[in-house]
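Since the structure comes first, as structure tokens, the remarks are kept for the end.
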């Protein structure tokens with residue numbers, strides 16, 4: 001037997017490593033250390049997500065109402081049937097939610113792409129222009145809602161005063177059934193377009209200049225280069241911007257509440273699902289019905305995320 005390679009039993013204990021249960025645990029922990037280090041954060045985040053969702057789901061299956069300490073009774077899917085057959089408030093709220101999200105998202109992506117293209121190439125004063133564009137993101141949505149509420153006020157608002165100078169009578173921007181939703185969409189576009197600009201500008205700066213230069217040499221004009229080269233290359237980034245901003249727009253509440261108050265206005269002009277659920281909980285104390293609305297709303301958001309994710313995978317191929 002070679003002296004240079006003694007048998008395992010002849011090796012010192014320090015060379016063989018710790019023995020027993022402690023040694024087995026140390027070896028297992030060393031193999032799975034990446035999961036062990038991440039486990040506390042994963043458990044914490046999981047509890048924060050799972051517990052509120054599970055509690056809301058439980059309330060949606062009960063007749064919880066009135067006092068939060070009142071006894072509740074399990075009623076199954078009755079709340080969901082009540083909500084889904086509510087043609088006066090629930091389905092109009094669904095329509096407003098989808099309209100608000102779709103229109104705001106369309107304007108924000110189109111304007112965001114245009115502004116990002118303008119900021120793509122260096123120019124004098126570029127830094128100051130970027131700072132000015134990002135200013136709406138600094139303010140909170142509640143402050144933005146109150147600011148625009150004063151601007152569109154029918155009596156003292158600047159917009160109506162400006163219209164009066166050209167002979168146009170004051171308009172009910174935030175109280176008219178035909179104008180309230182469009183006005184709140186304008187507010188959302190004003191505040192959140194800079195976020196889309198940031199995402200799209202980051203995608204543009206990561207593109208190579210070679211395809212654009214080759215198309216320029218071949219005689220392609222600016223529109224052809226954008227629609228046939230830049231836009232296809234930017235589609236994964238555009239879908240990411242749509243996904244992030246779309247989910248956020250679906251959940252919009254603060255700017256609507258700050259603008260219209262409880263109930264989304266006197267005739268529920270801007271009552272989305274968030275505002276509707278808030279009214280059921282804190283105005284009517286119908287916690288079971290409100291929870292059912294929130295669960296259905298959560299399913300709508302998950303479905304939207306899934307569709308956009310599938311579209312992103314298809315665009316990446």
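The values are calculated or read from the model by the stated rules, or taken from the named source; none is laboratory data. A quick note: this is a predicted structure, and the numbers were derived from the prediction, not measured. Cβ: placed from backbone, ideal geometry, glycine included. Neighbour counts: every protein chain shown.
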Checked 72, 82 against criteria (under 15 Å from residue 287 (Cα atoms), touching a helix residue (DSSP H, G or I) at 6+ places or on another chain (Cβ under 9 Å) and not assigned by TED's automatic domain parsing to the domain that holds residue 178); the one match is 72
Residue 191, sole failed condition from (1) free of Cβ contacts under 8 Å to residues at least 24 places away in the same chain; (2) under 30 Å from residue 126 (Cβ atoms); (3) part of a helix (DSSP H, G or I): (1)
By residue number, the members of segment 158-176 that are in a helix (DSSP H, G or I) and in contact with a helix residue (DSSP H, G or I) (Cβ under 7 Å, 6 or more places away or on another chain) are 158, 159
Can we say residue 81 is within 24 Å of the chain's Cα centre (by Cα) and either assigned to a helix (DSSP H, G or I) or modelled with pLDDT of 90 or more (or both)? no
Confirm whether residue 163 is modelled with pLDDT of 85 or more and either under 24 Å from the mean Cα position of the chain (by Cα) or buried (at least 18 other Cβ atoms within 10 Å of the Cβ) (or both). no
Taking segment 205-237 on its own, how many of its residues are in contact (Cβ under 8 Å) with a residue 12 or more places away in the chain, within 14 Å of residue 109 (Cα to Cα) and either over 16 Å from the mean Cα position of the chain (by Cα) or not in a helix (DSSP H, G or I) (or both)? 3
Restricted to segment 62-74, and to residues that are surrounded by 14 or more Cβ atoms within 10 Å (Cβ to Cβ) and in contact with a strand residue (DSSP E or B) (Cβ under 6 Å, 6 or more places away or on another chain), which residue is nearest to residue 294 (Cα to Cα)? 62
Among residues of segment 243-302 being crowded, with 20+ Cβ neighbours inside 10 Å and not in a helix (DSSP H, G or I), the residue modelled with the lowest pLDDT is 265
